[in-house]
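Notes to accompany the following structure.
The values are calculated or read from the model by the stated rules, or taken from the named source; none is laboratory data. Just so you know, these numbers come straight off a predicted model, no measurement behind them. Please note: Cβ atoms are built from the backbone with ideal geometry, for glycine as well, and neighbour counts cover all protein chains shown. Surface accessibility is based on the protein's heavy atoms, side chains included, excluding ligands, DNA and RNA. Shrake-Rupley method; radii C 1.70, N 1.55, O 1.52, S 1.80 Å.
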Amino acid sequence: MKKIMLMLGLVTFVVTIALTTSACSASTEHSVHGVAGIVTRNSGEWKTLSKKKQKEISKPIPKKYRGTWYTWNVFKNRKERVQIKARSLEYAYRTKKGKYVALDRYQGNKLAAWTTKYGHLSVNYILKNKSGGKYKFFEENFTLNRTKQGVRITIPANWNTTINYNKKVTFRKKMKKPVMGNFKMTKAFLYRSGHLSPYSSKYDTYYTWEFNKKMTRFWFNVQAIWNGDGPNIDDETVNLNAGGADDAYSEIKSASFEGNKVTLIILPPISITDDGYYKIQLKRISRRYMVVEKITNTNERFNGKKVYSTPSLFGVRFVDSELV
């Protein structure tokens, strides 16, 4: 009986210590999540602000920035808006059903705004406050600049690969879907830099690829946004994936250019599969962007082997990038 009581006492002690440690950890760390789960703020920097600066960040956003402003995100192929009020800023995108979903929101006493040395407005997310006039500033912030066209916004750097890829975006009072230019697809457009897809919330991934100058080699890689066991992706992207190896190139057996399109027959890396080929059709939609076109013919053969399509990539847009 004494042994049982001793064991129960030991277990109670361990659980108490664990709960105490967890509570302390929760009380000392701040984790703020974006409304749509895209932005996660779990680290920041405590800064001491002068009384003059504290007074400035408590002021409302100037009227010239306020209102609802719209833009079209070519990268994600969707309409986006910012709603700016005296004490709030919300960045949202419109779904196919016409509903707006907030990606980020600053409001109330968690919003701080001040004029930069260039005359722009810096809008930041902060936590108020710590003793001694200290405020915790998070990395994500927007810089606003009022122009004749509307409000030009410099978006957070860590949004570039996940949301927009443009560092500066102009939002206007009225915005329609832009007309895509009929840009010719060329080898130079494909090989001069790598290409990057937007963030896919379904798999927590984005895709990167690049071509060699002669259009005989193709490198495709799946990049996981979060650390863990790796992305759970569809079969054809698994077969094309280089798995992070820079030398795991696929062989391009055929490249047919026509207008703003190119059709590729690709043999995946031998180390992964030699069961057949993959057909990828790319359409250039602007100076920097291309999209993976849907292929209707599914009963095709090449060199006596079956040609597969890449359905999980259909409709995915890529932008030329020096990041890969």
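Things worth noting here:
- Heavy-atom SASA rank of Trp159, Trp46 (probe 1.4 Å, accessible area, largest first): Trp46, Trp159
- Backbone N under 12 Å from the Arg87 label point (7 Å along Cα→Cβ), restricted to the stretch 97-127: 107-112
- Paramagnetic reach from Thr154 (point 7 Å along Cα→Cβ, amide N under 14 Å) across the stretch 112-145: 114-124, 140-145
- Label-zone membership for the stretch 187-217, site Lys167, 7 angstrom Cα→C-beta point, backbone N under 13 Å: none
- The distance between label points at Ser58 and Lys76 comes to 3.5 nm (points 7 Å beyond Cα on the Cα→Cβ vector).
- Mean projection of the Cα convex hull over all viewing directions, computed for the stretch 187-320: 8.1 nm².
- Contour excess over end-to-end distance, with Cα ends at Phe257 and Thr186 and 0.36 nm allotted per residue: 24.8 nm
- Gain in span if fully extended, Lys97 to Arg146, counting 0.36 nm per residue against the direct Cα distance: 14.6 nm
- Among the protein heavy atoms, those of Leu127 account for about 20 Å² of accessible surface (1.4 Å probe, every chain in place).
- Label-to-label distance, Val238 versus Thr48, with points set 7 angstrom from Cα along the beta-carbon direction: 5.7 nm.
- Amide proton proximity set for Gly243, modelled H, under 5 Å, gap of 5+: Val222
- Accessible area per residue (1.4 Å probe, heavy atoms of protein chains only) ranks Ser50, Ser321, Ser286 as Ser50, Ser286, Ser321, with the largest value leading.
- Placing +1 on each Lys and Arg Cβ and -1 on each Asp and Glu Cβ, with no other charges, gives the stretch 187-320 a dipole about its Cα centre of roughly 800 debye.
- Accessible surface ranking that places the most exposed of Lys134, Lys51, Lys202, Lys59 first, with a 1.4 angstrom probe: Lys51, Lys202, Lys59, Lys134
- Per-selection Kirkwood Rh - the stretch 89-173 (Cα, Å, 1 d.p.): 14.3 Å
- Solvent-accessible area per residue for the stretch 187-320 (1.4 angstrom probe, square angstrom): 49 Å²
- Cβ-based charge dipole, the stretch 148-248, positive-most Cα from Ala248, Pro178, Leu196: Pro178
- Computed with a 1.4 Å probe over protein heavy atoms only, the accessible area of Tyr165 comes to about 40 Å².
- Per atom type, the stretch 187-320 shows carbon and sulfur on 40% of its accessible surface, probed at 1.4 Å.
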